[in-house]
There are 2 protein chains.
Amino acid sequence: MASATHVAKREDSLTRGERKNLTRNGLLQAALNLIGEGRSFTSLGIREIAREAGIVPNAFYRHFRNTDELGLALVEEVGITLRRLLREARQVGEEESEMVRRSVLVYQHYVKQNRLLFLFISSERAGGSRILRLAIRNEVSHFTHEMAQDFRRLGAYEGLSTSSLQMICGLVVTAMLGAAPEILDLPAEQPLLEAEMTEDFVRQLQLILLGASCWRDQPPALLTSSRKRPKQL
Amino acid sequence: MASATHVAKREDSLTRGERKNLTRNGLLQAALNLIGEGRSFTSLGIREIAREAGIVPNAFYRHFRNTDELGLALVEEVGITLRRLLREARQVGEEESEMVRRSVLVYQHYVKQNRLLFLFISSERAGGSRILRLAIRNEVSHFTHEMAQDFRRLGAYEGLSTSSLQMICGLVVTAMLGAAPEILDLPAEQPLLEAEMTEDFVRQLQLILLGASCWRDQPPALLTSSRKRPKQL
DNA sequence: ACTTTTAGTGGACAAGTGTACACAATGCAG
DNA sequence: CTGCATTGTGTACACTTGTCCACTAAAAGT
């Protein structure tokens, strides 16, 4: 407020490209903000986004041809965000006591911290424009892949084939993404509900991993005539 | 086409309530149709729906106060649809050879048969209006509950506590609903991709049920100090 | 020092939206 | 048979929307 011309070289003298990127990010953030206010991305309009970003509607076209293209840019951020999540998750270490629970806590915290992006993923993953859907699914697929690699790196489930490992990670990711909306819809400051949800989520993941530790890749075709198992499957 | 006044008592002489229900269903179907054409429910407008239903925009208000209320009516249909699904699934019988695979095939067929409704569920379950989201989640929760009861009735997993059984069914349902959009997005007539997806889905469910059959409800607190398990969890 | 590029502005237009009001037709209760 | 309630119509109004065009200012290239 006091000295503006003194050290203000940060706000003032920017190369053109930097400025452009600045308002571009402004647009992305504006879209996310609107999503955070309950609007669904698919129903967002150019004018709406531009208004929220504080620019005139026409300027939108200097950055994106239409809202779908902006959506794709958001999907790219989703990719980065998921990669960071994996990096954070790796830091819970491979020491295994309570590992699942700690991972779940990290995940929940991460989802809340990146609320808007996860709102975006969750809703556009199944709804809205086909292009966005596929792009997100692609990003999620990458995420699943990397998770499987991490498992390998940790030396877990070494007996499993790569395809089985990916199938398992796919299930884990499905559970994670399925839990995201419930995390985000939690009524603020309800520690009871949250703890309950957490516990349920933890148990679900434990169940998956328990199944994984029992899983055996069928050599050729073994299940086609599974003779008399106790009472399951 | 030919004889109109002869047997046309079906189209012509209807009690008022019946007629009302007819156009009401017309509105519901219209919304679903639009969803089927790629539009997302949240972005549907009153005029749009009314136009598709073949009535004047204002007549919409004779049936619903706004689009959200129509959405709630759709959620009710979702409930009925899910209940029917359970009924069909029960008919695969408890004879267990290939039971999972057959259930998956039933499910896939059912999703394709009720394409529009599942499109609606999938996208509104995580996105759009909070009221709709919660309503759908409620319906899904009912579904999970009934599925758990069915397991009980079949005498499967008798060793498990009710809460564990529900946790497991929750996971199954999450996997099912997560698979729905992928089923619906399948490029038409690509038997390779479809078979691959089916197989993956089957294995995921088998993994869950395998985990379930190994699962033991922890007596008091056993996992808090799980001493030295091989290399999993 | 000049020209060129380009991010952002401003105004305009046709089209679409939600909703309010007055009205028409008709099944139904008295 | 008559009057009422209710389903659906038509018109109208104030807004919002996407996009076109002409324009400014200033950074970047020469």
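Overview of results
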| item | result |
| --- | --- |
| Single residue of B:GLU37, B:GLU52 found to be under 30 Å from B:GLU194 (Cα atoms), open to solvent by 50 Å² or more (accessible area, probe 1.4 Å) and within 16 Å of DNA strand C (Cβ to nearest atom) | B:GLU37 |
| Number of the condition not met by A:CYS169 [criteria: (1) farther than 22 Å from B:ARG133 by Cβ; (2) buried (at least 21 other Cβ atoms within 10 Å of the Cβ); (3) within 9 Å of another protein chain (Cβ to nearest Cβ)] | (3) |
| All positions within the range A:55-73 that are part of a helix (DSSP H, G or I) and open to solvent by 80 Å² or more (accessible area, probe 1.4 Å) | A:ASN58, A:TYR61, A:ARG62 |
| Cross-chain or 6+ apart pairs with Cβ under 6 Å, the range B:178-193 first and within 11 Å of chain A (Cβ to nearest Cβ) and under 20 Å from B:ARG137 (Cα atoms), then among the hydroxyl-bearing types (Ser, Thr, Tyr) and surrounded by 10 or more Cβ atoms within 10 Å (Cβ to Cβ) | B:GLY178/A:THR174; B:ALA180/B:SER122; B:PRO181/B:SER122 |
| Any chance A:GLU76 is exposed (fewer than 14 other Cβ atoms within 10 Å of the Cβ) and in a loop (DSSP other than H, G, I, E, B) | no |
| The range A:123-136, residues that are facing chain B (nearest Cβ under 8 Å) and not in a loop (DSSP other than H, G, I, E, B) | A:SER123, A:GLU124, A:ARG130, A:ARG133, A:LEU134 |
| Subset of the range A:89-110 (residues that are open to solvent by 70 Å² or more (accessible area, probe 1.4 Å) and modelled with pLDDT under 95) | A:ARG90, A:GLN91, A:GLU94, A:GLU95 |
| Single condition A:GLN113 does not satisfy, out of (1) open to solvent by less than 20 Å² (accessible area, probe 1.4 Å); (2) more than 29 Å from A:ASN66 (Cβ to Cβ) | (1) |
| Every residue from the range A:194-203 that is open to solvent by less than 60 Å² (accessible area, probe 1.4 Å), farther than 12 Å from B:THR174 by Cα and more than 7 Å from chain B (Cβ to nearest Cβ) | A:GLU194, A:ALA195, A:MET197, A:THR198, A:VAL202 |
| Unmet requirement for A:SER97, which otherwise passes all of (1) within 13 Å of chain B (Cβ to nearest Cβ); (2) assigned to a helix (DSSP H, G or I); (3) not hydrophobic (A, V, I, L, M, F, W, C) | (2) |
| Answer residue from the range B:40-49, given it is in a helix (DSSP H, G or I) and within 10 Å of DNA strand C (Cβ to nearest atom) and is surrounded by the most Cβ atoms within 10 Å (Cβ to Cβ) among those | B:ILE49 |
| Residues being open to solvent by 80 Å² or more (accessible area, probe 1.4 Å) and within 13 Å of DNA strand C (Cβ to nearest atom) - total across the range B:16-34 | 6 |
| Single residue of the range A:17-64 satisfying the filter (more than 8 Å from DNA strand D (Cβ to nearest atom) and of a type in the set (Lys, Arg)) that is modelled with the lowest pLDDT | A:ARG39 |
| Close pairs (7 angstrom Cβ cut-off, 6 or more residues apart or separate chains): exposed (fewer than 14 other Cβ atoms within 10 Å of the Cβ) in the range B:127-148, not in a helix (DSSP H, G or I) anywhere | B:ARG130/A:GLY38 |
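So that you can scan it fast, the table gives a plain yes or no per residue for (1) facing another protein chain (nearest Cβ under 10 Å); (2) part of a helix (DSSP H, G or I):
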residue	(1), (2)
A:ALA89	no, yes
A:ARG101	yes, yes
A:ILE121	yes, yes
A:GLU139	no, yes
A:MET147	no, yes
A:ALA156	yes, no
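The values are calculated or read from the model by the stated rules, or taken from the named source; none is laboratory data. The model shown is predicted, which means the values in this text are computed figures rather than measured ones. We place every Cβ from the backbone using ideal geometry, glycine too, and count neighbours over all the protein chains shown. Surface areas here come from the heavy atoms of the whole protein model, side chains and all, with no ligands, DNA or RNA. Shrake-Rupley method; radii C 1.70, N 1.55, O 1.52, S 1.80 Å.
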